[in-house]
Amino acid sequence: MYQKILYYVVSIFFLAFLSYMYLDVIVATYFYHLRGSIKEFFSQYVTKLGKSEWILIGSLLIYFFYKKRNITFAYQGLFVFTSVAASGILVNILKVIFSRYRPKAYFQDGSFGFDLFAFKTKYIFNSFPSGHSVTAMGFAVALMLLFPKYRVWAFLFGVIVASSRFVITAHYLSDVLMGGLLGGLISYGLYYGYFKKKIS
C-alpha cells in the first residue's frame, strides 16, 4: 500500500515540476483568454465547492449531533473536519513561505515564479499551493476512505473542483496538482494514523 502511495506522490511531484517548467503559462494563457458558458459555470458554481467553510461547519455539526447517538458516524464527521482544517492551516503557512505569483500577476506585468522565504501575505503572492484544491481533494479522499463504494464519484468531485482553479485562472496547473496532493496526503495520514481505529 505504501509503495503505491509513494508512486502517486513521486508521479504528481514530477508532473507538477514539468507543469511549472513547460505548461503553467501555456495552460493559464489558454484559459485566461477563454470566453463562454463553460468558464462562467466553473467560476460561478464549481469553484465555490472548494471553499472550506461549508465542509467544516457541516462536518462539525455532524460530530456534535451524533456524538451521543452514533459515535461511529460522529467520528466520521470529526475526521472530515480535522482533515480539511489541518490541510487549510498548513496550506496557508506554505503560501506565505513560497510566495508564488498568481497568474494575475503574469498577465499584468509578466511576473512569474516564486519569491521563496519572502513571507509575502498579499493575495497576488499566495498562489502555491492552491487552497481550494487542498480542500477539494482532502475532502474527496476523506470520503473515499469512509465510503469506498462511492470512491470514484468522490474522486471525480475532487478533481473537477480542483481543476476549476486553473480554468478560472486563479492558479497555475502546478499549484492545483500540489494542492490536491497535499490535501489527499493529510486525509490519508489522519485516517490511518488515528481515525481508522475510532471509526472501525
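Data overview
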{"item": "Test: residue in the stretch 117-131 that is crowded, with 21+ Cβ neighbours inside 10 Å, in contact (Cβ under 8 Å) with a residue 12 or more places away in the chain and within 21 Å of ILE57 (Cβ to Cβ)", "result": "yes"}
{"item": "Answer from SER127, SER200, SER164 - the residue that is in contact with a His (Cβ under 7 Å, 6 or more places away or on another chain) and not charged (D, E, K, R)", "result": "SER127"}
{"item": "Enumerated helices (runs of 4 or more DSSP H) restricted to the stretch 94-200, each holding at least 1 residues that are more than 22 Å from PHE81 (Cβ to Cβ)", "result": "103-109, 151-167, 173-190"}
{"item": "Filtered residues of the stretch 39-57 (kept if more than 17 Å from VAL141 (Cα to Cα) and either in contact with a strand residue (DSSP E or B) (Cβ under 7 Å, 6 or more places away or on another chain) or touching a residue at least 12 places away in the same chain (Cβ under 8 Å) (or both))", "result": "LYS39, PHE42, SER43, VAL46, THR47"}
{"item": "Filter pass, SER37 being among the polar types (S, T, N, Q) and surrounded by 12 or more Cβ atoms within 10 Å (Cβ to Cβ)", "result": "no"}
{"item": "All positions within the stretch 89-120 that are among the hydrophobic types (A, V, I, L, M, F, W, C) and under 17 Å from ASP24 (Cβ atoms)", "result": "PHE98, ALA105, PHE107, PHE112, PHE114, LEU116"}
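Quick note: the coordinates plus some simple rules give every number you see, no bench work behind them. This one's a predicted model, so the numbers in the text were calculated from it and none came from an experiment. Note that each Cβ is placed from the backbone with ideal geometry, even for glycine, and that neighbours are counted across all protein chains shown.
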